[in-house]
1. With the condition kept exactly as written, say whether any residue in the range 269-290 is within 19 Å of the chain's Cα centre (by Cα) and under 30 Å from residue 208 (Cα atoms).
2. From the list 73, 154, which one is touching a helix residue (DSSP H, G or I) at 6+ places or on another chain (Cβ under 7 Å) and under 20 Å from residue 308 (Cβ atoms)?
3. Among the residues of the range 174-185, which ones are touching a residue at least 12 places away in the same chain (Cβ under 8 Å) and either over 18 Å from the mean Cα position of the chain (by Cα) or farther than 18 Å from residue 137 by Cα (or both)?
4. Which numbered condition in (1) part of a loop (DSSP other than H, G, I, E, B); (2) in contact (Cβ under 8 Å) with a residue 60 or more places away in the chain; (3) over 26 Å from residue 91 (Cβ atoms) is the only one that residue 19 fails?
5. Just one of (1) surrounded by fewer than 22 Cβ atoms within 10 Å (Cβ to Cβ); (2) out of contact with any helix residue (DSSP H, G or I) (no Cβ under 6 Å at 6 or more places or on another chain); (3) more than 19 Å from residue 147 (Cβ to Cβ) trips up residue 227, so point out which.
């Protein structure tokens, strides 16, 4: 395959709204040692991309300023003498930037074969959400069979992934979403209890449902607005896993439950982690989750796809929170 000297990609012309994303031409990126060049067929759209466009989440040092943290496509070049891949393989990859483009560089350790039977669009919806959920719910949260887990924002890409994975590994899954229709979809995905937060106080509902026994693990994307309620519904030795701050990161906090119930409050980000750390997550996913994907026990939930030049529409949809699951760009 002839690799072009220039690539189509999306550039942030200035920080602000979706209209500040424009398609442009740039030099084809060069691969370093232990990296692949992938001809991108599809790329996932995620909340961190929105934050980067708004100027709230700059790329880590050395990363591309082109948005996009997950891709699926075909390997067209590689720089490694010892690799599990070959030119022409169909793969998906977690990247630190550069996904919104026709060609993208990915570290070999962060790249996985596309699960058998999945399309490029489905595969592009896997890396960012599945890596994030595994790193938090399973590595940091140490989810066990029969644990009760509450997943806030169940209709998001992270949420739909976490619900399915937690259910598949034997947990009792509860979630919060913004409408009754979304509640029905969450139940179909495996949530035992889905709470419409616009109609109900999730703290009260959870306490009633569990007979005040509480929750073992909470995966939270809201932050300060939910912090005290989260602590109140955690069981003894419960864990609060904070991965985003859609409800702010400052507020008046009551820390007494942390001491009384021996709680763990923790958080993490994925993008700044080393290639080695992300590589370990990739290995765990390939061993424990890829078989579930290939059997269709767990599947990325695709809400819709847009062409690369329509990226502003994709961002506007994400910000509206009307979707369920993932939004994908096709290149």
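1. no
2. Just one listed residue meets the conditions, 73.
3. 174, 177, 178, 179, 180, 182, 183, 185
4. (1)
5. For residue 227, the failing item is (1).
Yes/no per residue for (1) more than 26 Å from residue 214 (Cα to Cα); (2) more than 13 Å from the chain's Cα centre (by Cα); (3) crowded, with 23+ Cβ neighbours inside 10 Å:
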| position | (1), (2), (3) |
| --- | --- |
| 95 | yes, no, yes |
| 98 | yes, yes, yes |
| 104 | yes, yes, yes |
| 121 | yes, yes, no |
| 128 | yes, no, yes |
| 132 | no, no, yes |
| 140 | no, yes, no |
| 146 | no, yes, no |
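Conditions (1) within 18 Å of residue 100 (Cα to Cα); (2) outside any strand (DSSP E or B), marked per residue:
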site: 291; (1), (2): no, yes
site: 306; (1), (2): yes, no
site: 314; (1), (2): yes, yes
site: 317; (1), (2): yes, yes
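Coordinate-derived values only; no laboratory data. All values derive from a computational prediction rather than experimental measurement. Positions of Cβ are backbone-derived with ideal geometry, glycine not excepted, and every protein chain shown enters the neighbour counts.
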